[in-house]
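The values are calculated or read from the model by the stated rules, or taken from the named source; none is laboratory data. All values reported here derive from a predicted model rather than from experimental measurement. FYI the Cβ positions are ideal-geometry reconstructions off the backbone, even for glycines, and counts take in every protein chain you see. Accessible surface is based on the protein model in full, side chains and every heavy atom, while ligands, DNA and RNA are left aside. Shrake-Rupley method; radii C 1.70, N 1.55, O 1.52, S 1.80 Å.
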Amino acid sequence: MYYTYFKTYGNKILIRYKDQDSDRTLSKVISDYQPSLFTKDNSSESEWTSVYGYGLNKIQFDSIRAAKDFAKQYKGVDNFVLEGNSNYGNQFIIELFDGQKPDYQANYIKRALIDIEVHAPVFPDPEIADWPITGYTIYNNVSNKFYTAVLRNDSVPKDWTWDQSKSPEELQSLDVDFVAFDDEESLIKEMLLHINTHQYDIISGWNSEGFDIPYIINRANKILGESFTKTMMSPFKTINSADKVNGHGKSFTKFEIVGLAHLDYLQLYKKHTYTPRESYKLDFIANAELGSKKLSYEESGSLENLYNDDLQLYVDYNIQDVNLIKQLDEKLGLFDLVFALSYYGLSNFEDTLGTVKYWEQLIAKFLYTKNMVPLFNKVVGESREFEGAYVKEPITGFHDWLISLDLASLYPHIIQQLNLGVETLIDYDDLPDEVVDLKSTTSFEKILSKESDLSILKEYDISMSPSYAYYKKDKMSFFSELMRELYAQRKVFKKEMLSAQQKKVDATTQKDKKHWEAVEAAMNNMQLGMKICLNSLYGALGQKSFLYYKVENAEAITMFGQMINRWTCGRLNEFLSTLFESENNFWIYSDTDSGYFTVDPFVQSLPSTYSINQKVEAVDSFVNEIINPKVEEICQELCYYLNNYEQRMF
């Protein structure tokens, strides 16, 4: 069994789930869940501990309402400590699966890829939804079928139907279930009935949050009424709405179809692909990724005219839009990536589009496996702006034989090197006076040049960031521990991916080849999911809404990032100047986690008979045998100087 949705709803838990080897999704309302919260326990025999290390006493309540009332009753009471997962739906899921990733089957998680057409003289406003919906296509990944409908116009006979044999070649092999209607009400009703009866787990489209979903809901509310719309679209007969502001500063209504996850594929593409695009229109992205495009209606001049002029092409156009999204996911596997992230963190699919909520749930799940308890209330502390990453002004011009120094996964490794955490961060008032005085007697530049005496750090055995944040070293922080677990998991998944890759090559039957291809894809998505988790923690740490937000921690990471880049690149540049017996600057550019150097003098010293390939091989050996050991030595020097927990930079 595995879930596809969960939600705290008043005093209840709503859950949708599947049994193994079934595409059928079951819905359940749980009214008798008994959540737990924790209070401080000074005894030494407590089963549960706080992230700060003290024991906790577990209190189980008869209901969610009782737990909320208890928390409200003791809110603000001096010296009263309350801990526990206040996301009761997430607490339920973590307990249900005992903090472990469920054995899910991605091919049975049913997705509706949807695109609607609206007949309007201008681009229709989904907030108003004044113009008729004249067509839609929904693709079901489980049946591998397209469900398409169109509203007949006055220019075609009453018995007109779409003829697939007249469609473009790329559409002729598709399995399409087509129906035509003579009135909009029937068309919308059929669309909603389809969504209801097919029991989808996810609905998606290109810019579906900005257009398709709000237009469908608002238009259906007008034509069929809110009660019918909610009953048909939501497995729990509930649609919530909230006013939001998009990236362009425009307000819009965001709908939550309770029980049906909505993943806008445009948002998935922007979040999980790393090539900036000059346009994010479907036509441009499909062409860039697939070499395919939307169908042209140039002769008609507009979609409004196309509807009147050529209903056959109008339907083709609609189907092709959905077909392009289907093909994009077949190539990119973004849904599979969402599943990997979601089930690893025991979160909802939609939570993976954000950072803060996802990480709070991932932390809660991780702590549960350690018999530790997440925070109930947000960490109290100041909120202010802090410095970002380091970018060196480049030496402009042409440079030969550049090499790059890459401090891989810089911010996750900084967390580990500093032993950064809410529980390891030493409060300013608890610091020894000699350590406090470092802020007035040293500076970032003095630390960079190693002019400051930091021996006091070793005396008290504390780890320092150049931001003057200090960390305990007696126990590994849970942030650091979680980073290491994610690295270890990623290593396992990459190994299994490579093994499946080889078994796919060695397979002697098409069936075996297909099996190992699926295993390879699944393991690749899991290792990518671990990589995304690793690199996204800093994004949460820098958000004021994050349960574990401390500005000192966010600043400690960025300032250490500045230091390690300048420390390493500056000393490597000095090393190269000595090695090449030159006063030239070989350090061309730096940005955040990378530095670029020219090793042209080394190449010029090679025999003139060397081919380009031989020169490349020589540079590669030079980097591996000379540069890399030196960089490791330089990084170790900084770790020792700042008395950090462990050298994790290189």
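Summed over all non-identical Cα pairs, the Kirkwood treatment of the range 133-259 gives a radius of 16.1 Å. Exceedance of the 18 Å cut-off in Cα-Cα distance is limited, within the set LYS145/LYS511; LYS357/LYS544; LYS392/LYS630, to LYS145/LYS511; LYS392/LYS630.
Neighbours of TRP567, meaning other residues whose beta-carbon lies under 10 angstrom from its beta-carbon, give a summed charge of +2 when Lys and Arg score +1 and Asp and Glu score -1.
Its Cα gyration tensor gives the chain an equivalent ellipsoid; the semi-axes, largest first and in whole Å, are 49, 36, 22.
For the listed peptides 416-425, 36-45, a ranking on the average number of other beta carbons within 10 Å per residue, highest first, reads 416-425, 36-45. Subtracting the Cα-Cα distance of ASP154 and TYR610 from their residue separation scaled by 0.36 nm leaves 156.6 nm. Stretched out straight at 0.36 nm per residue, the stretch from THR508 to HIS399 would grow longer than its current Cα-Cα span by 34.3 nm.
Sketch the reach of a paramagnetic label on LYS101 as a point 7 Å from Cα along Cα-to-Cβ, and name the residues of the range 510-526 whose backbone nitrogen lies under 18 Å away. Inside the label zone: 516-526. In this view, the solvent-accessible surface of LEU579, computed with a 1.4 Å probe and all protein chains in place, comes to about 80 Å². Taking Cβ atoms as reference points and 15 Å as the exclusive limit, the residues near GLU278 contribute a net charge of +1, counting Lys and Arg as +1 and Asp and Glu as -1. Of the solvent-accessible surface of the range 328-437, computed with a 1.4 Å probe over protein heavy atoms with every protein chain present, carbon and sulfur atoms account for 48 percent. In the range 511-650, Rg over Rh equals 1.11, where Rg is the alpha-carbon radius of gyration and Rh the Kirkwood radius from pairwise Cα distances. Evaluated with a Cβ-only charge set (Lys, Arg +1; Asp, Glu -1), the range 440-558 carries a dipole of roughly 560 debye about its Cα centre, given to the nearest 20.
Residues in the range 453-570 average 43 Å² of solvent-accessible surface per residue, probe 1.4 Å, ligands and nucleic acids excluded. So if we plug the beta-carbon distance of LYS281 and THR369 into 1/(1 + (r/R0)^6) with R0 = 41 Å, what FRET efficiency do we get, rounded to 0.05? Working from the Cβ atoms, E equals 0.40. Among the listed pairs LYS18/LYS101; LYS40/LYS473; LYS244/LYS326; LYS473/LYS531; LYS40/LYS72; LYS189/LYS230, those whose Cα-Cα separation exceeds 19 Å are LYS40/LYS473; LYS244/LYS326; LYS473/LYS531. Looking at the range 90-143, the GluC sites (Glu not before Pro) that sit in a DSSP loop and have at most 15 other Cβ atoms within 10 Å of their own Cβ are GLU127. Database remark: amide H of HIS198 closer than 5 angstrom to no amide H (H placed geometrically; neighbours at sequence offset of 5 or more, or on other chains; Pro and chain starts carry no H). With unit charges on the beta carbons (Lys and Arg positive, Asp and Glu negative) and the dipole taken about the Cα centre of the chain, which residue among LEU334, ASN240, GLY89 sits farthest to the positive side? Looking along the dipole axis, the top candidate is GLY89. Derived scalar couplings between HN and Hα for the range 538-553 equal 4, x, 6, 4, x, 9, 5, 7, 5, 4, 9, 5, 9, 4, 4, 6 Hz in order, rounded to whole Hz, by the Karplus curve 6.51 cos²θ - 1.76 cosθ + 1.60 (θ = phi - 60°), x for Gly and Pro. For the pair VAL603 and GLN327, label points projected 7 Å from Cα toward Cβ lie 4.0 nm apart. Taking amide H atoms as placed 1.01 Å from N in the peptide plane, the amide H of ASP41 lies under 5 Å from those of GLY55, LEU56, ASN57, each 5 or more residues away in sequence or on another chain.
Kindly provide the helix-only [θ] at 222 nm of the chain, computed as the sum of -39,500 (n - 2.57) over DSSP H runs of four or more divided by all residues, to the nearest 500 deg cm²/dmol? After summing the helix terms and dividing by the residues of the chain, the value is -13000 deg cm²/dmol. Taken over the range 227-334, the percentage of Cα pairs per 5 Å bin, counting from 0 up to the bin with the maximum distance, is 2, 9, 14, 15, 15, 19, 17, 7, 1, 0. For the range 103-166, the alpha carbon convex hull comes to 140 Å³ per residue, rounded to a whole number.
Full extension of the chain between SER22 and GLU45 gives 3.8 nm of extra length, using 0.36 nm per residue less the Cα-Cα distance. Karplus-based coupling profile of the range 398-408, in residue order and whole Hz: 8, 10, 8, 6, 8, 10, 10, 9, 10, 8, 4, with θ = phi - 60° in 6.51 cos²θ - 1.76 cosθ + 1.60 and x standing for Gly or Pro. Rg then Dmax, both in Å and based on the Cα atoms of the range 362-448: 19.6, 57.
Since only LEU266, ASN308, ASN287 are under comparison, the one whose Cα sits farthest along the positive direction of the charge dipole of the range 261-332, derived from C-beta charges on Lys, Arg, Asp and Glu, is LEU266.
Ranked by the mean number of other Cβ atoms within 10 Å of their residues, highest first, the peptides 557-568, 186-197 come out as 557-568, 186-197.
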